[in-house]
1. Take the residues of segment 141-158 that are of a type outside the set (Ser, Thr, Tyr) and assigned to a loop (DSSP other than H, G, I, E, B): which is farthest from residue 111 (Cα to Cα)?
2. Quick one: count up the residues across segment 159-178 that are more than 23 Å from residue 139 (Cα to Cα) and either in contact (Cβ under 8 Å) with a residue 12 or more places away in the chain or assigned to a strand (DSSP E or B) (or both).
3. If you check residue 202 against the conditions, is it modelled with pLDDT under 95, surrounded by fewer than 20 Cβ atoms within 10 Å (Cβ to Cβ), more than 24 Å from residue 23 (Cβ to Cβ) and of a type outside the set (Ser, Thr, Tyr)?
4. What number of residues within segment 54-76 are of a type in the set (A, V, I, L, M), in contact with a Gly (Cβ under 8 Å, 6 or more places away or on another chain) and surrounded by 23 or more Cβ atoms within 10 Å (Cβ to Cβ)?
5. So is residue 303 surrounded by 15 or more Cβ atoms within 10 Å (Cβ to Cβ), modelled with pLDDT of 95 or more and not in a loop (DSSP other than H, G, I, E, B) or not?
6. Would you confirm whether any residue within segment 12-19 is in contact with a helix residue (DSSP H, G or I) (Cβ under 9 Å, 6 or more places away or on another chain) and at pLDDT 95 or above?
7. Mind checking which pairs have a first residue in segment 9-33 that is on the phi > 0 side of the Ramachandran plot and a second that is among the aromatic types (Phe, Trp, Tyr), Cβ under 9 Å, 6 or more apart or different chains?
8. With the condition kept exactly as written, say whether any residue in segment 246-266 is touching a residue at least 60 places away in the same chain (Cβ under 8 Å), aliphatic (A, V, I, L, M) and more than 21 Å from residue 4 (Cα to Cα).
Amino acid sequence: MRIDPDRIRFTGSGLSRPECVVAHVSGLLIAPDWTEPGGVSVIAPNGQVRRVLATRPQPGIDLPVRPNGIALEPGGTILVAHLGAERGGIYRLHADGRAEVVTDRVADAAMPPANFVLRDGRGRLWITVSTTRVPRALDYRPDASSGFVALHDNGETRIVAGGLGYANECLMAADERTLWVNETFARRLTAFTVDGDRLVDRRVVVRFGHGTFPDGLAQAADGSLLVTSIVSNRVLRVDAGGRVETLIEDVDPDHLDRVETAFQAGVMGRPHLDAARSRQLANISNLAFGGTDLETAYLGCLLGDRIASFPSPVRGRALPHWSCDLGPLAAFLEGGLVEPGGIEPPTS
């Protein structure tokens, strides 16, 4: 199933840290955007980009918003996980630039920088916090263990799983009985059984080795899981038996060895993540299935200004937001604008 790197294509332009991409049946793609004051970029099927920025924040919003993971809600609002320097939260962004706090406290304390937010079929929010250490780079270590998963439900946010080795993207099974979490620097893909509002039966699905730092997580229709790795620009497929195959890798081997050496020595830092040594991919961090048939894989990234894609050898599973009502975002499909306030002019 190895993908020829020459089959990689790009869409959009001028994006700012599009770490996470969300795909919709309409062909719209949505990605975080760190253009101040922060928000999202919406990429139309023709590649045209518009920014929806938090120009009308309510009190309590920590500006600039630094969205990492995002989630599309019915009606076209977007949940963003705020990855502030010291504090985080989950904010709701409207197409007209209004931004409001959904939650910014957990366990009776200010929420640390939030990494990812997942909305389940009941409207509950599953939130990952990678680390409680400041700065975050102090936990780019094999022994990282301060990450956690929190659940926001009925106005309350509480920790439901702790001791994670840099908790990153999480994903709910279609029957919502299993939650998977990538532990980036512990190099694990971990699963939990969802028991009501609890996570129980923690288990390791797969342990990754040299050069793999699992970040993004998606699921194919056949049940296999696709994992993206930062630094090595790998897309890995994990089957039901825990077997791993590499679909894509785009990295300079010497650069990867230097990062690996620093990681094992406990001195890995931001410079190791802020430099891409590759042919095309710019530190990929996320994967979303899209296209008319869910057979196109779109890749979020940390360092690029475009969204890469490739024809996937496995069809994706449709997530709950796949065919949700876009509300005012639907205007972007016709090249129109919604109520002014939060939207920058289009770019091509």
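The values are calculated or read from the model by the stated rules, or taken from the named source; none is laboratory data. Predicted model, so just to flag it, every value in this text is computed and none were measured. Don't worry about glycine lacking a Cβ; one is built from the backbone with ideal geometry, like all the others, and counts go over all protein chains shown.
1. It comes out as 142.
2. Counting residues in segment 159-178 that are more than 23 Å from residue 139 (Cα to Cα) and either in contact (Cβ under 8 Å) with a residue 12 or more places away in the chain or assigned to a strand (DSSP E or B) (or both) gives 6.
3. Taking the combined requirement at face value, the residue does not satisfy it.
4. Of the residues in that region, 2 qualify.
5. Considered against the rule, which asks whether it is surrounded by 15 or more Cβ atoms within 10 Å (Cβ to Cβ), modelled with pLDDT of 95 or more and not in a loop (DSSP other than H, G, I, E, B), residue 303 comes out as no.
6. No, segment 12-19 has no match at all.
7. That search, which allows pairs on different chains as well, returns 17/34.
8. no
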